[in-house]
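Before any comments, here is the structure.
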Amino acid sequence: MSCQHLKEAGEPAPLSAYPDGCPQCVAGGFTDWVHLRLCLACGTVACCDSSPRRHMSAHHDESGHPTMRSFEPGETWRWCFIDELLG
């Protein structure tokens, strides 16, 4: 099964380097994020679903942006929220 969203996804530059982790967690005073993700539509960086606040899923829910990728060093996998497919 293929996913048009993943085929069309670009690779935007992150909105900033985020050396300190999930920017939304940091702004809220939290340090318990697990992994970071990059929105492939706009460059937002946020924490994964294994993190307590799940900011990347919340970003998708609010924005409708369909795809993201791992923002962890050495990882290149992508995910489509709409089709629920890994790419």
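The values are calculated or read from the model by the stated rules, or taken from the named source; none is laboratory data. Only a predicted model underlies this, so the values are computations on that prediction, with no experimental measurement involved. Because the Cβ atoms are built from the backbone with ideal geometry, glycine has one as well, and the counts that use them run over all protein chains shown.
For region 66-87, filtered to residues that are assigned to a loop (DSSP other than H, G, I, E, B) and of a type in the set (D, E, K, R), the residue that is farthest from His5 (Cα to Cα) is Glu72.
Quickly run through region 12-36 and pick out the residues that are within 12 Å of Arg69 (Cβ to Cβ) and without any contact (Cβ under 8 Å) to a residue 40 or more places away in the chain.
Step one: filter region 12-36 for residues within 12 Å of Arg69 (Cβ to Cβ), giving 12, 14, 35-36.
Residues satisfying the conditions are Pro12, His35, Leu36.
Scanning region 23-65 for residues that are part of a loop (DSSP other than H, G, I, E, B) and either over 18 Å from Asp83 (Cβ atoms) or within 12 Å of the chain's Cα centre (by Cα) (or both) yields a total of 21. Just so you know, in region 1-31 the residues that are of a type in the set (Asp, Glu) and either modelled with pLDDT of 95 or more or under 16 Å from Trp77 (Cα atoms) (or both) include one that is surrounded by the most Cβ atoms within 10 Å (Cβ to Cβ), and it is Glu8.
Touching a residue at least 12 places away in the same chain (Cβ under 8 Å), surrounded by fewer than 19 Cβ atoms within 10 Å (Cβ to Cβ) and hydroxyl-bearing (Ser, Thr, Tyr): does that describe Ser63? In short, yes.
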